[in-house]
Structures are given as C-alpha cells and as structure tokens.
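Below: the structure, in structure tokens.
The values are calculated or read from the model by the stated rules, or taken from the named source; none is laboratory data. This is a predicted model, so every value here is computed, not measured. No Cβ is skipped: glycine too gets one built from the backbone with ideal geometry, and neighbour counts run over all protein chains shown. All accessible areas refer to the heavy atoms of the entire protein, side chains included, with ligands and DNA or RNA removed. Shrake-Rupley method; radii C 1.70, N 1.55, O 1.52, S 1.80 Å.
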Amino acid sequence: MSAADTTTAKVPPTRQSPPPPPVVPRPRGRRSSGGAATPWLLLAPCLLVLALVMGYPLVRLVTLSFQKFGQSQLWGFQPAESVGFDNFTGVLGDGEFWQVVIRTIVFAAGCVIFTMVIGMLIALLLQRVSGWVKTLVNIALVAGWGMPVIVATTVFKWLFDADYGILNAVLSRLPGVELIGHNWFASGPQGLAVIMLLVVWGAVPFVVITLSAGLTQVPAELEEAARLDGAGAWGVFRYVTLPILKPIIVMLTTLSVIWDMGVFPQVFVMRNGHPEAEFQILTTYSYDRAFVVNDYGQGSAIALITVLLLLGVVAVYMRQMLKIGEVE
C-alpha cells in the first residue's frame, strides 16, 4: 500500500438522526365530568356544615319577620299568623329605630377608624424596633386577642367603675383633675366611648398582625428609590407603602365594619344585661324587641334589616376588590 493510499483513507459518512415525528394537535375538548366535580366534592362537607349552622337560622329568621309571633305562638297556644310586611313597616316607621341606626353607624365608624389608625401605627412601629421587642409586642397582642370577650368586658367594667375603678383613682392624681366617684356611664355618648375603647382594644391585635405581614411584602428598593427622589416619611408611606397595602386595608376595613356593626356582648355585659335607650345599637335593640318585649316578629325584622345593611357593605367590598384586580 502506497503512502497516498494511507493518507487518503475513507471516512465513514455521519449517521443522520431520523426526523422527529409530526406533532398532532390534541383536540380541545371539555374537561371530564369527574375533574369538574372534584372541587365540589371537596367543598361538600364545608357547605353542608354552613347550611346546617347558618342556613336554617337564616331561613327561620326570614320566616319570623313576616309573621306575628309572640309568647302565645312560642308556647303553641296560637298558630303563627302571617302579617306580610307589617313588621317591617312598623319598624321603619318608628323614630326610635332610626335613632338606633344612626347611633350604630356612628359607633361602628368610630371603632373602625380608631382600629385601623392605631393598628397601622403599631404595625409601622414594629418595623423599626429590635427583634426581641417585636417578639414581646406580638406576644402581648396575641394574648390580648385571645382573651374571651366576656373576660375583657368584665376587666374594663372594673377599670371604669365609679366607686372602685382604678382609672378614676389614677386620673385624680393629675393636677386639677377630680374624678373620684365619676360615673362614666351616666350619659350615652360617654358610656359608648368606653365601650368603643373596649372594642378597639380587642380588634387592634388582628389588624396589627395582618398589616405587619403585609409590610414584609413592601420592596425595600422602592422605598429607597422614593427617598432618593426626595420623598419624606409621609411621601414614602403615601406613594409606596399604602398602594401595596391597599387590598389588605380594604379587607380589614370591611371585616371591621361587619364585626363592629354586630357588637353585642360588650354593650350587653357593660350595662348589666339591660342596656338603656341611649346605649341601644341594632343588635341589642333587636334582642330587646324579641326577648324583652316578646315580639319575635319585629325582632326578626330588625335583625334581617341589619343583615341587609351588612350585605351592602360586602357588596362594596367585592366591588373594590374587583377594581383592584382589574388594575393589577
């Protein structure tokens, strides 16, 4: 074999890979009935419990609101008599009812405003303290939040007692202040202010914990960029922090309105089970009509009107959340 033959050895041809099989588009069909039914099967136990716990009382409430139902009907001496909208016309035509509605709205608005403002201030403060201080404050908040309402109401009742209340004794030590024997519940506005303080005290921990969790999602880069652009503390909060926290604030405000419109044990226990006329709000007014006056029909009508008012609040909340979703 010559040198030319050795240098011109044949190189075997490269093997080409076979072409990929054609992609056949899968027909778009509807999901199987089993897949569509799975979420409903998972929700079925919860829906069943809600139907039993809330469905029957709500249906019974609506039924009673259209009936004449008193003690005679309660004990079975007389059958329940349908009266149409008479209970509603009687309630809506009563001037006392509208005074109670206005008092309830003012009371709930005050509770919500103070709860949200104080909760936001504490949440912002917790972002600027050391870790162990933040832990101690969170423990105190959770302890206050977990205290039963009746226990907290009893403690506040003792604090503001006219004869043995510690608040009167402490305030009387200030120069020019004499509150020994002062009755905080002698007037409706002053007494409702004390009850409002109790409601705010119990609601602030939830707001603080929720807002603190939301503040952790605010990017530090945006805050630093705002400061470099010359924004002060209020500017950073208004243009950076507040827009990011808006969905949480809307949710907390809506929940606070619903809870504060439904306040009952704080007023009931503070007034020893017999709230005076100037302390009546919608929940206690409905209770008095049903269980003190023994007019269960009108009491149910007042409760149903309260439910409709709260549904209006929920509708506003859903509308705001849909707007936020469209913007995002």
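Structural remarks
- VAL250/TRP132 FRET efficiency (R0 45 Å; Cβ-Cβ; nearest 0.05): 0.85
- Each 5 Å bin from zero holds the following percent of Cα-Cα pairs in segment 114-200: 3, 12, 15, 18, 17, 16, 13, 5, 1.
- For the chain, adding -39500 (n - 2.57) for each run of n ≥ 4 DSSP H residues and dividing by the number of residues yields -21000 deg cm²/dmol at 222 nm.
- Estimated inter-spin distance, VAL62 and SER82, nm [label 7 Å along Cα→Cβ]: 1.4
- Given charges at Cβ of Lys, Arg, Asp, Glu: segment 106-278 dipole, positive-most of ALA143, VAL133, LEU179: VAL133
- Where Rh is the Kirkwood radius over Cα pairs, Rg/Rh for segment 106-278: 1.05
- Evaluated over segment 233-328, the Cα radius of gyration and Dmax, each in Å: 18.6, 57
- The relative contact order of segment 66-154 comes to 15 percent, based on Cα pairs under 8 Å that sit 6 or more residues apart.
- Calculated FRET value between ALA44 and ALA109, using beta carbons and R₀ = 41 Å, to 0.05: 0.55
- Each Lys and Arg adds +1 at its Cβ and each Asp and Glu adds -1 at its Cβ; summed about the Cα centre, the chain shows a dipole of about 1480 debye.
- Taking every full run of DSSP H in the chain, the ones that stretch at least 18 Å from end to end by Cα along their long axis and average -1.0 or higher on the Kyte-Doolittle scale are 33-50, 95-126, 131-146, 188-215, 242-261, 296-327.
- Dipole axis of segment 106-278 (+1 Lys, Arg; -1 Asp, Glu on Cβ), positive-most option in ILE122, VAL257, ALA226: ALA226
- When nucleic acids and ligands are ignored and a 1.4 Å probe is applied, THR104 ends up with an accessible area of around 0 Å².
- Within segment 136-211, the chymotrypsin sites (Phe, Trp or Tyr not before Pro) that combine a DSSP coil assignment with at most 10 other C-beta atoms in a 10 angstrom radius are TYR164.
- Working from Cα pairs under 8 Å separated by at least six residues, relative contact order for segment 106-278 is 34 percent.
- Take the Cβ atoms of ILE139 and SER172, set R0 to 45 Å, and the FRET efficiency comes out at 0.90.
- The chain - convex hull of alpha carbons, volume per residue in Å³: 341
- Sequence-separation-based contact order of the chain, relative, with Cα cut under 8 Å and 6+ spacing, percent: 25
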